[in-house]
Amino acid sequence: MTQSNERKLTIARSMAEALAQEMRRDEKVFVMGEDLAALGGVYGNTRGLADEFGTDRIRDTPISETAFIGAAVGAAMDGMRPVVELMFVDFFGVCFDAIYNLMAKNIYFSGGSVKVPMVLMTSTGGGYSDAGQHSQCVYGTFAHLPGMKVVAPSNAYDAKGLMTAAIRDDSPVVYMYHKGLQGMGWLGTEEGAIVHTPEEDYTVPIGKAAIARKGTDVTIVSLGIGVHHALRAAETLAEGGVEAEVVDLRSLVPLDRDTIRESVAKTGRLIVVDEDYSSYGVAAEVIATVVENEITNLKAPPKRVAYPDVPIPFARVMEQFCLPNAQKIVAAYKELQTA
Amino acid sequence: MSPSRDELLWMYENMVTSRRFEEAIAKIYFEGKTPVFNMANGTIPGEMHLSDGQEPVAVGVCAHLKEEDIVTATHRPHHQAIAKGVDLKRMAAEIFGKKTGLSGGRGGHMHIFDPDVNFACSGIIGQGMGPAAGAALSRVLQKKPGVAVAFIGEGAVNQGAFHETMNLAAVWKLPFICVIEDNAWGISVSKRESTAVERNDVRAAAYGVPGHYIEGNDPYKIYDIAGEAIARARAGEGPTLIEVETYRLAGHFMGDAEGYRPEGEKDGLFEADPIPKMRARLIADGDATEAALDEIETKSQARVDEAIAFARESDDPAPEDALTSVFA
Ligand SMILES: Cc1ncc(C[n+]2csc(CCOP(=O)(O)OP(=O)(O)O)c2C)c(N)n1
């Protein structure tokens, strides 16, 4: 749908816009991480911000994730609203204590007497042969651990609204953006992520899924780039007269279980698409959400189209073999039919 | 400690091989990436971090190492791999993502593993430190010879793994050397903006080990200091911390426009190119003739050509090979 006076942004631009608007609105908001000031972020999400806000508020850090993420926790508890960037989510290995033992637990440990209003933004995903230390999603790892909200936008509208909501939230929010959706030319561009984005500030509620496409025959649940695979699969299925409903989770924590259940109650079939490793992950959680509630709705066993349980290989043929895509979703639907 | 004539020629040859290799990789990297630069495309997809300019560090250190000694490298590993004797053909094939590559295409350029010469890599900053110290510990426990060298960038000294490993190696007196390649930049952030001390050799005091800073990207000086450190380690006297001033002639990775560099910073950098400089010195010192060096260059080029041809002609892995070799 095109709108009048439409202004399309990439996710990178919309993230930068949300950060800028919140920094203008609230001087407690500041951003820190690697390569954010002069470079404007490896994925463009702080481009131009150092010019407007200076390097006190757009801070380049040493390569010291434990220190600056831990520092964000302390600053947040002391009344600031830091946004920190972990350049690739894969790097959580060097700093996870600050994330899951401090950021995620201090509100609870204090019995709610402290707030930790911080955002941890981090890039996810592969598809461009960056191998297994620079291509993971690990959504499930973050969503599994209580105490942090987790969001993952699939388009620029949601990216801006979720960032604004995350900054205004008094709890820590992990903001996972997929590299393949950023709209950085050098990583390829998913056109579907570049959508109308209002200039004024607005929020997208954390914990609310969106119906990206309405349908009656099968529910395809996904997040981030998987939503675009699902939409493409839905087009192919529609050629054969099958109307797929695509649910864009947008938030993993809290998870909008009602929207998932309502959709499956209507369609009777469920496919979950997830670029994270298949076992113990988002796909399993979505399926459990449905089946532990009501199984008589289901006309066939649910399916997951997820990353196999192997580290991510470099060689393109191997990586592409492992990644979810529209054809695999269509094939999964066919299997549902014969099941 | 001064290099012998043979060692000098070995060092020169490996610097040239590394440079020619990376020139070939750089050219091929853009195949399939023009007019629109998309990292996912081309003969060699993914990130590509070149080490042009940093070759003296690799050869000055590795000239003292034997096959049994251990090296851990970073996301910028080619010069070190070549100097450590990693199989060039299989490394090229790995960088192309081919079946014949060192890891059958699973690792790519940031994950070069060649157990035959005890070489390993990690793309996570600072994470070569622990494994190098652990390999050193293993040799001590097994009463086997061998020293371990962790090469890291100057940006990595601000990681916890750097401090933790330096202290561990020092208290256990491990045969371990940390070599910091100071190219002044960690992507777009300068050493000055990110590191509290001007030179990291002063940090050695915190671990009670010898520390050295080597100026001028000079292979002769690097040879000298590294030789002392490695001899100390072999004698059971414990670790050494060495930082070497070097230059990154290229961007952080290919496709980096380097807009963050102050204007003029790269002026003169190419005149300081260590390879022509070493060539001139070899001749001036009477260690080699023009003809002998020409011959080395021809030989290096031929080795590189052969490796690249091998990589090009090799088959892609089977897609489903992705599912194998997860466990031993
Ligand atoms: C733990 C971790 N944080 C961040 C990165 C992203 N990163 C890759 S290279 C690099 C700069 C490294 O600088 P330096 O150690 O000086 O090595 P150089 O690139 O200069 O060789 C950064 C920040 C990473 N790979 N790992």
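Couple of notes before you dig in:
- Taking segment A:169-186 as the range and being within 14 Å of chain B (Cβ to nearest Cβ) and over 14 Å from A:His228 (Cβ atoms) as the test, the residues that pass are A:Met184, A:Gly185, A:Trp186.
- Residue match in segment A:244-251 (condition: open to solvent by 10 Å² or more (accessible area, probe 1.4 Å) and over 16 Å from A:Pro324 (Cα atoms)): yes
- Check on B:Leu65, surrounded by fewer than 24 Cβ atoms within 10 Å (Cβ to Cβ), aliphatic (A, V, I, L, M) and in a loop (DSSP other than H, G, I, E, B): yes
- Segment A:301-319, subset in contact (Cβ under 8 Å) with a residue 60 or more places away in the chain and in a helix (DSSP H, G or I), residue farthest from the other protein chains (Cβ to nearest Cβ): A:Glu319
- Filter result for B:Thr324 (out of contact with any Pro (no Cβ under 7 Å at 6 or more places or on another chain), more than 13 Å from every other protein chain (Cβ to nearest Cβ) and modelled with pLDDT of 95 or more): no
- Considering (1) within 14 Å of chain B (Cβ to nearest Cβ); (2) not in a helix (DSSP H, G or I), the lone condition that A:Asn297 does not fulfil carries the number (1).
- Residue selection: B:Ala288 fails the criterion of being within 16 Å of the ligand (Cβ to nearest atom) and part of a loop (DSSP other than H, G, I, E, B).
- Residue check for A:Gly48: free of Cβ contacts under 8 Å to residues at least 24 places away in the same chain and more than 16 Å from the ligand (Cβ to nearest atom): no
- Here A:Ile69, A:Ile63 are screened, and the one residue that is more than 19 Å from A:Leu162 (Cα to Cα), open to solvent by 10 Å² or more (accessible area, probe 1.4 Å) and in contact with a helix residue (DSSP H, G or I) (Cβ under 8 Å, 6 or more places away or on another chain) is A:Ile63.
- Of the residues making up segment B:98-109, those that are surrounded by 24 or more Cβ atoms within 10 Å (Cβ to Cβ) and in contact with a Pro (Cβ under 7 Å, 6 or more places away or on another chain) are B:Gly105, B:Arg106.
- Residues in segment A:296-331 that are among the small types (Gly, Ala, Ser) and within 19 Å of A:Val272 (Cβ to Cβ): A:Ala300, A:Ala306, A:Ala326, A:Ala331.
- Any hit, segment B:187-200, residues being within 14 Å of another protein chain (Cβ to nearest Cβ), within 17 Å of the chain's Cα centre (by Cα) and within 16 Å of the ligand (Cβ to nearest atom): yes
- Some residue of segment B:127-140 being more than 14 Å from chain A (Cβ to nearest Cβ), in a loop (DSSP other than H, G, I, E, B) and of a type outside the set (Lys, Arg): no
- Checking B:Asp267 against (1) surrounded by 11 or more Cβ atoms within 10 Å (Cβ to Cβ); (2) more than 14 Å from chain A (Cβ to nearest Cβ); (3) under 30 Å from B:Ile187 (Cβ atoms), the condition it does not meet: (1)
- Condition met for A:Gly111 (surrounded by fewer than 18 Cβ atoms within 10 Å (Cβ to Cβ), away from the ligand (no atom under 16 Å from the Cβ), over 30 Å from B:Met39 (Cα atoms) and in contact (Cβ under 8 Å) with a residue 12 or more places away in the chain): no
- Among all residues of segment B:68-79, there is none that is farther than 23 Å from B:Phe162 by Cα, buried (at least 24 other Cβ atoms within 10 Å of the Cβ) and either away from the ligand (no atom under 16 Å from the Cβ) or away from chain A (no Cβ under 14 Å) (or both).
- Residue count for segment B:121-134 under the criterion of being open to solvent by 30 Å² or more (accessible area, probe 1.4 Å) and either touching a helix residue (DSSP H, G or I) at 6+ places or on another chain (Cβ under 8 Å) or charged (D, E, K, R) (or both): the result is 3.
- Close pairs from segment B:110-124: first more than 14 Å from every other protein chain (Cβ to nearest Cβ), partner of a type in the set (Lys, Arg), Cβ under 6 Å, at least 6 apart: B:Val117/B:Lys84; B:Phe119/B:Lys84
- Screening segment A:126-147 for residues that are within 22 Å of A:Tyr100 (Cβ to Cβ) and touching a Leu at 6+ places or on another chain (Cβ under 8 Å) and picking the one that is nearest to the other protein chains (Cβ to nearest Cβ) gives A:Phe142.
- Qualifying residue in segment B:265-279 (condition: at pLDDT below 95, farther than 30 Å from B:Asp6 by Cβ, of a type outside the set (A, V, I, L, M) and more than 16 Å from the ligand (Cβ to nearest atom)): yes
- Lone qualifier among A:Met121, A:Met80 - being more than 15 Å from the ligand (Cβ to nearest atom) and touching a residue at least 40 places away in the same chain (Cβ under 8 Å): A:Met80
- Failed criterion for B:Tyr207 (all others in (1) touching a helix residue (DSSP H, G or I) at 6+ places or on another chain (Cβ under 7 Å); (2) away from the ligand (no atom under 14 Å from the Cβ); (3) within 12 Å of chain A (Cβ to nearest Cβ) hold): (3)
- Of all the residues in segment A:219-246, those that are aliphatic (A, V, I, L, M), free of Cβ contacts under 8 Å to residues at least 40 places away in the same chain and in contact with a strand residue (DSSP E or B) (Cβ under 7 Å, 6 or more places away or on another chain) number 3.
- Screening A:Leu181, A:Leu187, A:Leu162 for residues that are in contact with a Gly (Cβ under 8 Å, 6 or more places away or on another chain), of a type outside the set (Phe, Trp, Tyr) and open to solvent by less than 10 Å² (accessible area, probe 1.4 Å) leaves exactly one candidate, A:Leu181.
- When A:Arg13 is tested against the conditions (1) of a type in the set (D, E, K, R); (2) more than 19 Å from the chain's Cα centre (by Cα); (3) away from the ligand (no atom under 16 Å from the Cβ), the lone failure is (2).
- Residue within segment A:321-339 that is open to solvent by 80 Å² or more (accessible area, probe 1.4 Å) and among the small types (Gly, Ala, Ser) present: yes
The values are calculated or read from the model by the stated rules, or taken from the named source; none is laboratory data. As the structure is a prediction and not an experimental result, all values here were calculated from the model. Note that each Cβ is placed from the backbone with ideal geometry, even for glycine, and that neighbours are counted across all protein chains shown. For the accessible areas, the whole protein counts, side chains as well, though only heavy atoms, and no ligand, DNA or RNA atoms are used. Shrake-Rupley method; radii C 1.70, N 1.55, O 1.52, S 1.80 Å.
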